[in-house]
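Okay, structure first, notes after.
The values are calculated or read from the model by the stated rules, or taken from the named source; none is laboratory data. If you're wondering where the values come from, they're calculated on a predicted model, not measured in any experiment. As a convention, Cβ positions derive from the backbone with ideal geometry for all residues, glycine included, and neighbour counts pool all protein chains shown. Ligands, DNA and RNA are excluded from the accessible area calculation, which covers all protein heavy atoms including side chains. Shrake-Rupley method; radii C 1.70, N 1.55, O 1.52, S 1.80 Å.
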Amino acid sequence: QFEKDIEEVQRLMDKAEKSALKAVKKEMTNITFDLLGEGMRRAPIHQGFLRGSGIAKVNDEKTAHTKSTGNGSASIVDDSTGNFSLQKMVDKFMGEVAFTAEYATIQHENQSFNHPMGGEAKYLENPLKEKSVMYVKGIADTIKNDMDKGGG
């Protein structure tokens with residue numbers, strides 16, 4: 001019986017881990033969506049190409065991107081319907097948001113530029129700094145809530 005109990009404990013631990021990691025992946029996706037949206041709204045506007053060049057990933061798997069909609073505006077497109085490897089999450093858990101327009105880095109870093117049509121320098125860095133505590137708390141709460149529900 002003892003060996004069966006040990007096997008049951010291991011099975012339940014594996015189930016709890018899988019459930020928690022799945023919940024954290026969803027929360028990381030939500031975080032990248034949020035940061036992408038903040039960056040899109042804060043990116044300088046000229047013709048909207050910069051705002052429309054955003055991309056979000058979790059563990060190098062695209063979760064969202066922005067798309068120019070004309071007149072300097074853009075929208076977010078959800079790409080998060082693909083499979084997500086548990087092992088990939090265990091090995092390397094990273095959310096990533098970037099803007100790929102050729103001039104994105106220059107616009108982000110140069111704080112002396114004037115943006116008469118709106119936007120700001122540090123359009124990704126600022127919201128990340130402002131929301132980092134909230135993002136980390138969101139991940140912790142996600143794990144706690146998953147465990148409170150029985151880990152799956």
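A few points about this structure:
- Per-region count, the range 101-116, residues closer than 18 Å to Gly72 by Cα, out of contact with any Pro (no Cβ under 8 Å at 6 or more places or on another chain) and open to solvent by less than 100 Å² (accessible area, probe 1.4 Å): 4
- The condition (being under 19 Å from Pro116 (Cα atoms) and out of contact with any Pro (no Cβ under 8 Å at 6 or more places or on another chain)) is satisfied by just one residue among Ile45, Ile31: Ile45.
- Of residues in the range 86-136 being of a type in the set (Lys, Arg) and modelled with pLDDT of 95 or more, the one farthest from Ala16 (Cα to Cα): Lys122
- Within the range 2-55, the residues that satisfy the criterion of being assigned to a helix (DSSP H, G or I) and aromatic (Phe, Trp, Tyr) are Phe2, Phe33.
- Odd one out for Gly72, checked against (1) open to solvent by less than 30 Å² (accessible area, probe 1.4 Å); (2) at pLDDT 85 or above; (3) within 16 Å of Glu38 (Cα to Cα): (2)
- Selection from the range 119-152 of residues that are in a loop (DSSP other than H, G, I, E, B) and surrounded by 13 or more Cβ atoms within 10 Å (Cβ to Cβ): Gly119, Glu120, Ala121, Lys122, Tyr123, Leu124, Gly151, Gly152
- Checking the stated criteria, Asp60 turns out not to satisfy the condition of being touching a Ser or Thr at 6+ places or on another chain (Cβ under 6 Å) and either at pLDDT below 85 or open to solvent by less than 40 Å² (accessible area, probe 1.4 Å) (or both).
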